[in-house]
Structures are given as structure tokens and as C-alpha cells.
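Undergrad: My structure is below; once you've seen it, I'll send some questions.
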Amino acid sequence: AAALAALKEEWQALFSRSAAPTPFQTWEWLSTWWQHYPTGKLWILTARRDGELCAILPLFIASYYGLPLRRVRFMGAPLSDYQEMIALPEHAAECRDAFFAYIEKESRRWDLLDLADVREESAFSTTPADLGLRFETVQHRLCPYIPLAPDWEQQSRTLGKNLRSNIGRRRRQLSREFALELDTATEETLPQAMEELFALHNARSRRRGASGAFSGARKQSFHRELSRKLLSRGYLRLHRLRLNGKTHAAFYCFSAEGRVYYYLSGFDHEIGKYSPGLVLMSQVVMDAIADQAREVDLLR
């Protein structure tokens, strides 16, 4: 953990220059995750050229479902939707091969590599053929995304006529019947906004017979701390739909390098007839366009 802390400044600098970065590879996400989920042993590999940090492969080793098998996973699993090494684009393939060669050399440390949730565009979507490791690649999740136009007028033309009409109608209806506010959390409003998100999401999950992604004190504590850190770095976008001063919908999103990532949400079932999720999602898209993002990634 001390060595992880010592990497902070280099990690943040590398992330800002890395290939295909997502919020799940930020120092803020992974260091906070380790504080709240310190399971097994850290195994963070670094690659340097002439002393300069070129890549980080953030791994940890823990038992496999209580069996006497040692599994290597990405840090952040399974809370992170995307997993990846952090690497300079020009060195990504070279560093990947070096990391796999080192992992093979150190095979006495582990029994199973479980490198899940790697995107197709990642250098880790292909594996070296000249190693003595047996790989199996499985396509197990599809993550839909919304390509963004330069402005909302052009974006709205990509929608079906009924959907486009419904968005406008619901926004007008909410504005007519309530004092409608659509905002994003600030440093001042974030603590309250996170509690509102937890309550809305968990209440909706309970109606469906599930526990909810924010159930339990540890998960909530993780996201409280994480959201503060991501906000301070400009990565957080916590959108709210408020009616007469009360929050009825919240979308927990992140923004990094031209993409907005929709992670989790919650909304009040009692106002479902007004389609609050649809209205707030349209605002997420509008704000992403205003931030000059290329797409909204809906994750898994």
C-alpha cells in the first residue's frame, strides 16, 4: 500500500497521456477501492523506459471463491465496468507483451488469470502467441453507447419521431406542473446528492426484489469518498432532476477524455408517469454535447 501511495503523481501524469483511459483506471478510483476492499495482495506491475513510467498494470491476487486457487484480477474488480492497463499509446503493445512475459515468469505466484471486462479496443484484447500460457477469450458483455452530434438539434434528428416528441412533451409537462430543476452536483451539494442517489436507487431495486448496487455501508462509504475525489479532479457528473426542491431522479456519471460514462441511477417510482429517467437522460446527453464529448457510454 505504501508503494501504491508513492506512485500517485506518476500515475496521474501517465493517465492523462494514456491510451483509451476510463475513470476506472484513475488513481482516485483504484486507490480508493483498495482502501475499502483490501482483499488479498496487491500486484501492481510497472514498466519504465530510461526511468520514465510507460505503463502500469494494476492487479491483485486473492483466493478463487474460497478454493485453494490463487486468482489474479484487475484492481477494482468487480465494481469497475472496464479494466485496462494504463500505458502510453506508443508503448502499449510492447508493455502488454512485457507484462505477460513477466506474469508467466512469476507463475509460481498464481493459478488463474481472470482478466475480465477488457474492451475490444484495448491492447489486452489480444494476447502474445509465443508464451507458455493457455488463453481463452470470451465475449461476455455488450456495452451500448450513444454517438454524439455537435449539437442537440442534430442529435435529436438521430432519434425516432416518437422518442423525440416524448422527450419534449415530458419536459414541458414537468415544467408546467412543478418547479423543475436539472442540475449537476457541486462541492456544496454533493453530500446530499449522493444520499439521494443511494435512497432512490436502493428503493427502486427493492421494488424489483433486489438488494441494489448501493446496499451496505461499505459500498456507500466507497462511493462517498470516490465521488469527492472524482469531483475535485473534474471527472464526476452527478445529474439530478428536482421537482419543487426535492430530488426525484439522479444519474451517477463520469467524464474522461471525450466520453461520458453512465454508471448507475435511481428515480422515484411514484412519478414514473412523467418519464423522469428519459428526461434526465436527455439532459445528460445535452450536457455531454456541451462538454464536446464524442459519446455517452452506457457501460454494462
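Undergrad: Just to be sure I follow the rule: in the chain, considering lysines 8 or more places apart or on different chains, how many pairs have Cα atoms under 30 Å apart?
TA: For the chain, qualifying lysine pairs total 12.
Undergrad: How large is the translational diffusion coefficient of the range 198-276 in µm² per second when you combine the Kirkwood radius over alpha carbon pairs with Stokes-Einstein at 37 °C and 0.692 mPa s?
TA: Once the numbers are plugged in, D ends up at 242 µm²/s.
Undergrad: Taking DSSP loops as anything outside H, G, I, E and B, show the longest stretch in the chain free of GluC sites (Glu not before Pro) there with at most 12 other beta carbons within 10 Å.
TA: 189-300
Undergrad: Computed on alpha carbon atoms, what radius of gyration and Dmax characterise the range 1-160, expressed in Å?
TA: So, for the range 1-160, Rg and Dmax equal 17.4, 58 Å respectively.
Undergrad: Something else now. So which trypsin sites (Lys or Arg not before Pro) in the range 194-296 pass both tests, a DSSP loop state and at most 10 other Cβ atoms within 10 Å of the Cβ?
TA: For trypsin sites (Lys or Arg not before Pro) across the range 194-296 that sit outside H, G, I, E and B with at most 10 neighbouring Cβ atoms in 10 Å, the list reads R208.
Undergrad: Something else now. Return the Rg/Rh value of the range 246-300, two decimal places, where both radii are evaluated on C-alpha atoms and Rh is the Kirkwood radius.
TA: With Rg and the Kirkwood Rh in hand, the quotient comes to 1.01.
Undergrad: Now, a different point. Only helices at least 15 Å long along their own axis, judged from Cα atoms, and with Kyte-Doolittle mean hydropathy of -1.0 or greater: name those in the chain from DSSP H.
TA: Helix filter hits for the chain: 92-105, 190-207, 276-290.
Undergrad: Taking 30 Å as R0, compute the FRET efficiency from the Cβ-Cβ separation of Q192 and E270 and round it to 0.05.
TA: Approximately 0.90, to the nearest 0.05.
Undergrad: Suppose R0 equals 25 Å. What FRET efficiency, 1/(1 + (r/R0)^6) with r the Cβ-Cβ distance, do L69 and I44 give to the nearest 0.05?
TA: Here the calculated transfer efficiency is 0.75.
Undergrad: If you bin every alpha carbon distance in the range 144-191 into 10 Å steps from zero, what whole percent lands in each bin?
TA: 20, 33, 37, 11
Undergrad: How high is the relative contact order of the chain, in percent, counting Cα pairs under 8 Å that sit 6 or more residues apart?
TA: 17 percent.
Undergrad: For a test of the definition: using alpha carbon positions, the gyration tensor, and the 1.5 limit on a/c, classify the range 122-220 as rounded, prolate or oblate.
TA: Oblate, because a/c is 1.5 or more while a/b does not exceed b/c.
Undergrad: Also: Can you tell me how much longer the chain between S215 and L298 gets when fully stretched, taken as 0.36 nm per residue apart minus their C-alpha distance, in nm with one decimal?
TA: 27.7 nm is the gain from fully extending S215 to L298.
Undergrad: How much accessible area per residue does the chain have, counting only protein heavy atoms and a probe of 1.4 Å, in square angstrom?
TA: It amounts to 51 Å² per residue over the chain.
Undergrad: Given the DSSP H assignment, sum -39500 (n - 2.57) over each helix run of at least 4 residues in the chain and divide by its residue total; what's the result at 222 nm in deg cm²/dmol, nearest 500?
TA: Result for the chain: -11500 deg cm²/dmol, rounded to the nearest 500.
Undergrad: If you don't mind, there's one more thing I want to ask. From largest to smallest, what semi-axes in whole angstrom does the range 7-88 give when each is the square root of 5 times an eigenvalue of its alpha carbon gyration tensor?
TA: Whole-Å semi-axes of the equivalent ellipsoid: 23, 14, 11.
Undergrad: Using a 1.4 angstrom probe on heavy atoms only, work out the carbon and sulfur share of the accessible area of the chain in %.
TA: 48
Undergrad: Another question, then. For labels at R119 and N244 in the simple 7 Å Cα→Cβ model, what's the distance in nm?
TA: 4.3
Undergrad: How far is it, in nm, from the label point at R176 to the one at L142 when both lie 7 Å from their Cα along the line to the Cβ?
TA: Here the modelled spin labels are 3.8 nm apart.
Undergrad: Beyond 13 Å, what share of the Cα-Cα pairs of the range 94-140 remains, rounded to the nearest whole percent?
TA: 58
The values are calculated or read from the model by the stated rules, or taken from the named source; none is laboratory data. Computed from a predicted structure; not experimentally measured. Using ideal geometry, Cβ is built from the backbone for each residue, glycine included, and neighbour counts are taken over all protein chains shown. Surface areas here come from the heavy atoms of the whole protein model, side chains and all, with no ligands, DNA or RNA. Shrake-Rupley method; radii C 1.70, N 1.55, O 1.52, S 1.80 Å.
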